[in-house]
Amino acid sequence: MKKTLAFLIIAALCVTALANGLLVVTLKDGSVYEFYLDEIESLVYVAEDELPLESKYMSLEKLVFVPGEEINLYFFGTSGLGSYAWIGIVPSDITHGSESENDLHDIQYAYVGGMADGLIVFTAPWDAGFYDFRLNDSESGGIEIDFLTFEVRE
């Protein structure tokens, strides 16, 4: 039923767009795309699986940020971690699991040890791409215990 309704809505939008010559698409993250149909030979959109907004210990309000934008990262359930547990921004292509490896590649970080929950305000990296917030259990030879992926794009 939902797929049929979605198809009908999309069909109605396409008919309206053809009549006006302009198709406007607004995404969940607030991005707006305008397509002038006289300039387009074909339009194909492939939906990818959405990344989760929440992991075991962290959550975000959205997953796509522009370079330099403030990012509110909420963390929770971390009261049992040591005093040097930390969350850092690490490029997604870096191998997961090792705190030491994350420490070599982190762009920003903040300590969360001793806190049960809270909010950390980070700044989105200046380079476009995929990044992870990675929660590590210590600052010396520990392990990565959670991650949450986000994207930076213009």
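The values are calculated or read from the model by the stated rules, or taken from the named source; none is laboratory data. Computed from a prediction, not measured in an experiment: that's the story for all the values here. All Cβ positions, glycine included, derive from the backbone under ideal geometry; neighbour counts span all protein chains shown. Side chains included, ligands, DNA and RNA excluded: accessible areas come from the protein's heavy atoms. Shrake-Rupley method; radii C 1.70, N 1.55, O 1.52, S 1.80 Å.
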Taking the Cβ-Cβ separation of L53 and M115 as r and a Förster radius of 22 Å, what is the calculated FRET efficiency to the nearest 0.05? 0.55
F76: net charge of surrounding residues, Cβ under 15 Å, Lys/Arg +1, Asp/Glu -1, itself excluded? -3
With DNA, RNA and ligands ignored, accessible area of V64 (1.4 Å probe; Å², nearest 10): 30 Å²
Take every Cα pair under 8 Å in the stretch 58-154 that's 6+ residues apart, average their separations, divide by the length, and report that relative contact order as a whole percent. 39 percent
Per-residue accessible area, 1.4 Å probe, largest first, puts D132, D93 in the order D93, D132
Under a 5 Å amide H to amide H cut-off, with H placed in plane at 1.01 Å, what residues pair with F65 once short-range neighbours are removed? E151, V152, R153
